[in-house]
Amino acid sequence: MDTTPVSPTRSRIRAAWAVPTAAVVAVAGAFAAPPLLASAGSATLAELTPEQLLTRVLESEPQALSGTVVHTARLGLPDLSMTQVAGADPVSLLSGSTTLRVWSDGGQRSRVSLLGTASEYSVVADGTQAWTYSSSDDEVVHYALSPDDAARAEKMRATARPPADLPTPDELGREALERAQRDATVSVDAATTVAGRDAYQVVVTPRSSTTLVGRIVVAVDARTWSPLRVQVWGSDDAATPALELGFTDVTFAAPDDAVLTFSAPPGASVREIVLPLPDDAALAGLAPSDLPTSLPDDPADAPLPEGTRVTGTGWDTVVELSDVDVAALVAGDPGAVAGLPQVDKQLGSAGAQELYEEFAPEGDGPGVDLDTVALYEQLTTPVEGGRALSSALLSVLVLDDGRVLVGAVPVDALRAAAGE
Amino acid sequence: MSLVDTAATGAAPADAPVRYRGATARLVRSELALVLGRRRNIVLLVGLALVPLLLGVVLYLAQDAGLAGQGPPFVARVTGNGLFLVVASLFLCTPFLLPLTIGIASGDAIAGEASTGTLRYLLVVPVGRGRLLAVKALGALAFAAASVLGIAVVGLVTGAALFGIDDLTLLSGTTVPLADGVLRVAGVVAYVGLSMTGLVAVGLFFSTLTEVPVGAMAATVVVAVVSSVLDQLPQVAVIHPALLTHHWFDFAEMLRVVPSADVLAQGLAVQAGWVVVFGTLAWARFTTGDVSS
């Protein structure tokens, strides 16, 4: 019995193999098309001067939003992404790409979740209290004011009145622009699309040639005027930004209430950390409003905490801290952290600033359990008289005599500043 | 299978068989019986089902020994809530054991018949080659589903027996009621199951290429392993989103406070892409290739 099938003809074979070929093309097209379409839709937005743009941003109300943010750091630091092994952890923000989900009601309440492979690190803020929750070790850290302080804070918020001499956003914008233009050129770049939304791009290019920062580009949504993306470019890599924080998808609508509330899950270990509120006298000196009455003066003129020295100007500014017990700090000794002068970290955009503040260690000591000694050894390289960390945007020089120098300049510039 | 009945039509070309009512249905039934009844496949299924059982027992014994709270995510949670044993077992099996098992079944689908010389008899069944391939794919998919479901069911039973089941605490720290939790874990199981469809298509394609089943099985498993290795290399980050294994762990999305439909849809779309490409490749190869044994 002959069961061998008749061999198909050559044309039939060709026709059959055309099907997978077409399938490959169709599938490749389906994957390539969305990004191409997204980048093709560059909008025809009305031309704005940097000044007008800044004014619009300052005038805009904080927006309720929910979205996905991708943070990418190409700082040239050793790869510390351990999310696969150890779960989501803020340390992973130092290198590689990290996905975050953010929700905010535009006011007091927000949630930021750092996504790991099958893990999550969440920060939930609600007015005067905040929680962090790490899924990998099932631990809740609750930051709150003491009941007395919380009551005081509530009262202050209720009675707060904006001062009469509050500058208009227009004035504030002009002032900010003038200040920025002292050390940098500010321009508006071609419109772009971020997370499917039309956006203006503000480019700040430092005039200094020594700084590690090449330029900072902030994409601002053309309708809500919220920052959608911040890119910081190093001076030696023009192809890819060293630091990038941007929405990949965003909706401006109030998020679900369940997202913004938090209560410790049963069985989780809870660490309570009470944050001190400065006394009334100190608070009275602050403007009781979200808008500052004027921008802070040149950092060199600002009153500095003891043990802090600032040299250089503008982008070449080097901050020097003396008498820092680095060994104790690295070992996580809370006392050493408490003794550290409070240096405010100022980032380019409100969004980045908020994010930084949410993740910045608060209270007494870093909230992250890590082998910090090993991390310190890994991050820094020995140099003459101490250790140095050099990254694409920032250098840190730790000297054996207890001085620590930080600046957006090469390590050599820090050493020169230290030798003065 | 009624090979004897159909052998009479043997002279007819395989791609234009005489139609018999219910031939496909009978073929499906016999294929399912073959795949799920084969002793080797049953041993594989039992082996997979042992994972949650072993994991559960080990955790149960270790929880008082001060070893609790260690290990990868999920595993530490199991002692508090048996529902997590399902997720933890799938988490442990997804990178290697599950692809290995599914690679064996799908790589064997055609090549196994070819190597034992039964493929030529199958081709005289009054069912076209395309439909025969679809039946073979169905068998391999049924086996994949059985593997995932086996882990899930044994995990659920073991977890409930050893640790009890309770309201589910999500990765985001939110606690949802038991019914919602069970639904979310069912979503995890469904997502893991659907994540394996691309691998089944790859295995089926390799299976049509060779008469050596071991070769097809090994090639299928190698694809999964190479894919996960490439997924770790930052230098090829641009192709990561399209890799077969890249979205496998996105099942964790089901355990976040607001599961992102976009992320889940993306993972399933990638699997669909692999199914379409390798499914049509297998079809083109199987309907045009010479079958000599």
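Side notes on the structure shown:
- Residues (part of a strand (DSSP E or B) and within 14 Å of chain B (Cβ to nearest Cβ)) located in segment A:127-161: A:130, A:131, A:132, A:133, A:134, A:139, A:140, A:141, A:142
- Looking only at segment B:239-266, residues that are over 22 Å from the mean Cα position of the chain (by Cα), among the charged types (D, E, K, R) and either more than 9 Å from chain A (Cβ to nearest Cβ) or outside any loop (DSSP other than H, G, I, E, B) (or both) come to 1 in all.
- Residue B:227 more than 13 Å from chain A (Cβ to nearest Cβ), surrounded by 21 or more Cβ atoms within 10 Å (Cβ to Cβ) and in contact with a Gly (Cβ under 6 Å, 6 or more places away or on another chain): no
- Unmet requirement for residue B:133, which otherwise passes all of (1) in contact with a Ser or Thr (Cβ under 8 Å, 6 or more places away or on another chain); (2) over 28 Å from residue B:25 (Cα atoms): (2)
- Of the residues making up segment B:279-293, those that are surrounded by 21 or more Cβ atoms within 10 Å (Cβ to Cβ), at the interface with another protein chain (Cβ under 8 Å from one of its Cβ atoms) and among the hydrophobic types (A, V, I, L, M, F, W, C) are B:281, B:283, B:284.
- Taken residue by residue, segment B:122-132 has at least one member that is away from chain A (no Cβ under 14 Å) and either surrounded by fewer than 20 Cβ atoms within 10 Å (Cβ to Cβ) or of a type in the set (Ser, Thr, Tyr) (or both).
- In segment B:183-237, the residues that are more than 20 Å from residue B:265 (Cβ to Cβ) and not in a helix (DSSP H, G or I): B:210, B:211, B:212, B:233
- Restricting B:139, B:164, B:155, B:150 to those that are within 13 Å of chain A (Cβ to nearest Cβ) and not acidic (Asp, Glu) reduces the list to B:164.
- Scanning segment A:107-136 for residues that are surrounded by fewer than 24 Cβ atoms within 10 Å (Cβ to Cβ) and basic (Lys, Arg) yields one hit, A:109.
- For segment B:90-110, residues that are surrounded by 24 or more Cβ atoms within 10 Å (Cβ to Cβ) and away from chain A (no Cβ under 13 Å) total 11.
- Of the residues contained in segment A:250-259, none is found to be part of a strand (DSSP E or B) and either touching a helix residue (DSSP H, G or I) at 6+ places or on another chain (Cβ under 7 Å) or more than 30 Å from residue A:128 (Cβ to Cβ) (or both).
- Yes/no for residue B:262 being charged (D, E, K, R), modelled with pLDDT under 95 and touching a helix residue (DSSP H, G or I) at 6+ places or on another chain (Cβ under 6 Å): no
- Out of A:91, A:124, one residue alone is of a type in the set (A, V, I, L, M, F, W, C), touching a residue at least 24 places away in the same chain (Cβ under 8 Å) and within 9 Å of chain B (Cβ to nearest Cβ). It is A:124.
- Residue among B:227, B:172, B:195 that alone is of a type in the set (Gly, Ala, Ser), touching a Lys or Arg at 6+ places or on another chain (Cβ under 7 Å) and farther than 22 Å from residue B:30 by Cα: B:172
- Total residues in segment B:163-177, condition within 27 Å of the chain's Cα centre (by Cα), of a type outside the set (Val, Ile, Thr) and either farther than 14 Å from residue B:86 by Cβ or surrounded by fewer than 21 Cβ atoms within 10 Å (Cβ to Cβ) (or both): 2
- Some residue of segment A:166-181 being in contact with a strand residue (DSSP E or B) (Cβ under 7 Å, 6 or more places away or on another chain), touching a residue at least 12 places away in the same chain (Cβ under 8 Å), acidic (Asp, Glu) and closer than 24 Å to residue A:52 by Cβ: no
- Selection status of residue A:20, at pLDDT below 85, at the interface with chain B (Cβ under 7 Å from one of its Cβ atoms) and either within 12 Å of residue B:288 (Cα to Cα) or surrounded by 11 or more Cβ atoms within 10 Å (Cβ to Cβ) (or both): no
- The criterion of at least 1 residues that are of a type in the set (S, T, N, Q) and at pLDDT 60 or above is met, among strands (runs of 3 or more DSSP E) falling completely within segment A:308-420, by A:308-311, A:381-383, A:386-390, A:395-399.
The values are calculated or read from the model by the stated rules, or taken from the named source; none is laboratory data. Just so you know, these numbers come straight off a predicted model, no measurement behind them. Neighbour counts are summed over all protein chains in view; Cβ atoms, including those assigned to glycine, are modelled from backbone coordinates with ideal geometry.
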